[in-house]
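In what follows, a single structure is set out as structure tokens and then discussed.
The values are calculated or read from the model by the stated rules, or taken from the named source; none is laboratory data. Because the structure is predicted, anything quoted here is derived from the model rather than measured. Glycine gets a Cβ as well: all are built from the backbone with ideal geometry, and neighbour counts include every protein chain shown. For accessibility, only protein heavy atoms count, side chains too; no ligands or nucleic acids. Shrake-Rupley method; radii C 1.70, N 1.55, O 1.52, S 1.80 Å.
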Amino acid sequence: MIQYEHYTDKGFISQINQDAIFCNTSDYMAVFCVADGMGGHMHGEQASNAIIEAIGNWYKDNAYENGSIEFNLLLYSLESILSNVNGKIYDEMNSDGLCGSTAVVLIILKDKYAVYSAGDSRVYLKRKFSFSQLTVDDVWQNKPEIHNHMNSKDIMNSENYGKLTKAVGIKKHIVFNRITGEVRKGDIFFLCCDGVYKCIVDRKLRRFFTNSKKVCDEVRKAGAPDNFSFIIVRT
């Protein structure tokens, strides 16, 4: 049986919370999402909420099937929803300035899982004694051509360091990154926005990411300069 807990907070500096989260489970499937509206841009909270609303409606349409639906067909329908909400944000929310949101989505169907990502929100997986980041941040320094032409020092000092190269709604079309795999008993997934992992070094995160209070305490200890949201999923 899948268990989960979640938390979202505006942090100490931001006036509003532009993050949004979705969590729900049925007998056959579970869906989780963290969407991080782009801070400093117009309507970031509207973009993240549009993603959550679209996933919520899709979940209602699919969660109570008899469990015989094929995994690939389920993913195909989710990809269609994600594409549609990207177009909706682009068409309806970009008139006054750039509007968008990062997003990570975890779907579990029986013994299989899929992770979709766009932007720099993350999904981690703890399996037995290993703890790994499943997603790759869509940021400037992770573009392959950057490392072919620049050294590490220049990359770190560049004004482009950390800039997003992909997000939901900032372009008319989007292709989400996708990872699939098999779920094993005892797996723990951790979904979070950058407001979490930028305040907690990896070695600390892997030690207490399963303890929501410690995660919150550590982010606040670092000043909670941004909205922060996370979901812990235990299988």
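General remarks:
- In the chain, helices alone account for a calculated mean residue ellipticity at 222 nm of -9500 deg cm²/dmol, with every DSSP H run of four or more residues adding -39,500 (n - 2.57).
- Gap separating the Cα centres of region 139-159 and region 181-229, nearest whole Å: 26
- Lysines with Cα under 16 Å of LYS185, excluding same-chain neighbours fewer than 8 positions away: LYS110, LYS112, LYS126, LYS128
- Label zone at SER77 (point 7 Å along Cα-to-Cβ), backbone N below 15 Å, region 1-43: 26-31
- Across region 148-157, rounded Karplus estimates of 3J(HN,Hα) from the backbone phi angles (6.51 cos²θ - 1.76 cosθ + 1.60, θ = phi - 60°) give 7, 10, 9, 8, 4, 5, 5, 5, 4, 8 Hz, Gly and Pro being marked x.
- Residue-by-residue Karplus 3J(HN,Hα) for region 201-210, coefficients 6.51, -1.76, 1.60, Hz, glycine and proline x: 5, 3, 5, 6, 4, 5, 6, 9, 5, 7
- Label point distance in nm, THR210-ILE2, each placed 7 Å from Cα along Cα→Cβ: 1.9
- For region 95-214, the Cα gyration tensor yields ellipsoid semi-axes of 27, 19, 15 Å (square root of five times each eigenvalue, largest first, whole Å).
- With all protein chains modelled, accessible area of LYS204 [1.4 Å, Å²]: 60
- Distance between the pseudo-spin-label points of ASP111 and LEU98 (7 Å out from Cα toward the beta carbon): 4.5 nm.
- Restriction of the GluC sites (Glu not before Pro) in region 116-199 to DSSP coil positions whose beta-carbon has at most 10 other beta-carbons within 10 angstrom yields GLU159.
- Of the chymotrypsin sites (Phe, Trp or Tyr not before Pro) found in region 12-108, those that fall in a DSSP loop while having at most 13 other beta-carbon atoms within 10 Å are PHE12, TYR64.
- J(HN,Hα) series, region 175-180, from Karplus relation 6.51 cos²θ - 1.76 cosθ + 1.60, nearest Hz, glycine and proline x: 10, 6, 6, 9, 10, 10
- Eligible aspartates and glutamates near LYS143 by straight Cα distance, threshold 16 Å, same-chain separation 8 or greater: ASP120, ASP154, GLU159
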